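Please treat every number below as a calculation from the coordinates, not as lab data. The shown structure was predicted, so the numbers you read here are calculated from the model rather than taken from an experiment. When we count neighbours, we look across all protein chains shown, and the Cβ atoms used for this are built from the backbone with ideal geometry, even at glycine.
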Amino acid sequence: KQEVTQIPAALSVPEGENLVLNCSFTDSAIYNLQWFRQDPGKGLTSLLLIQSSQREQTSGRLNASLDKSSGRSTLYIAASQPGDSATYLCAVAIYNQGGKLIFGQGTELSVKP
Amino acid sequence: KAGVTQTPRYLIKTRGQQVTLSCSPISGHRSVSWYQQTPGQGLQFLFEYFSETQRNKGNFPGRFSGRQFSNSRSEMNVSTLELGDSALYLCASSPWDSDYNEQFFGPGTRLTVL
């Protein structure tokens with residue numbers, strides 16, 4: 001059974017810091033991995049999707065990496081800003097399970113001005 | 001393109017009632033998935049519909065059901081509501097026409113069961 005874990009559960013940093021969020025999964029037979037952002041009481045915003053054949057994806061100040069063999073992904077946020085404060089979720093899609101995503105519990109990020 | 005829309009945004013029901021939630025996917029997307037989000041359990045997969053057929057189902061009781069129409073719009077129904085059904089219900093759509101199947105989520109429906 002696929003399980004997704006995110007560490008840390010919460011993180012507080014001063015503005016301007018570079019930071020790394022971690023995601024691990026137990027079964028390497030993933031189709032893709034997607035990082036999302038969720039603001040309180042809101043829906044999920046897709047940040048980055050990494051296909052199983054890819055090693056990393058970049059969008060602006062965000063960089064996500066994927067190491068299937070070790071079952072790990074990281075989301076790197078450069079030069080953090082107060083507007084980055086949100087919960088960050090990673091989710092994996094499994095082969096032969098259609099669009100089903102398995103989510104981690106999320107990392108709640110607070111960036112202090 | 002317009003994003004994923006969900007209606008209603010908020011609902012208050014009492015135990016024993018039933019409820020129907022609606023999701024309109026991004027135009028051209030054929031896959032619609034539903035998730036339940038609670039503080040204790042996080043995001044849990046309910047079911048997925050693709051071309052009007054349920055393609056995958058999570059571990060929820062039969063009180064939770066859904067369907068998809070020919071225009072890809074989807075509804076989910078919860079019958080005989082319980083207090084524990086209070087949650088944010090999210091739907092996601094995906095094109096599912098290539099290897100790059102990014103999923104896009106709607107704003108959610110907040111269901112409160114009293």
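Annotation note: of B:11, B:43, the sole residue that is more than 10 Å from chain A (Cβ to nearest Cβ), surrounded by 14 or more Cβ atoms within 10 Å (Cβ to Cβ) and of a type in the set (A, V, I, L, M) is B:11.
Against the list (1) over 15 Å from residue A:27 (Cα atoms); (2) in contact (Cβ under 8 Å) with a residue 24 or more places away in the chain; (3) surrounded by 22 or more Cβ atoms within 10 Å (Cβ to Cβ), the condition residue A:110 fails is (3).
Number of residues in the range A:68-86 that are touching a Ser or Thr at 6+ places or on another chain (Cβ under 7 Å) and closer than 20 Å to residue A:19 by Cβ: the value is 4. Considering the range B:59-73, and only residues there that are of a type in the set (S, T, N, Q) and under 13 Å from the mean Cα position of the chain (by Cα), the residue that is surrounded by the fewest Cβ atoms within 10 Å (Cβ to Cβ) turns out to be B:65. Filtering the range A:36-56 to residues that are in a strand (DSSP E or B) and either within 11 Å of chain B (Cβ to nearest Cβ) or at positive phi (or both) leaves A:36, A:37, A:38, A:44, A:45, A:46, A:47, A:48, A:49, A:50, A:51. Only one of the numbered conditions (1) within 13 Å of chain A (Cβ to nearest Cβ); (2) surrounded by 21 or more Cβ atoms within 10 Å (Cβ to Cβ); (3) in a strand (DSSP E or B) is not met by residue B:76, and that is (1). Just wondering, is there one or more residues in the range A:100-111 that are acidic (Asp, Glu) and more than 21 Å from residue B:37 (Cβ to Cβ)? No, because not a single residue in the range A:100-111 is acidic (Asp, Glu) and more than 21 Å from residue B:37 (Cβ to Cβ).
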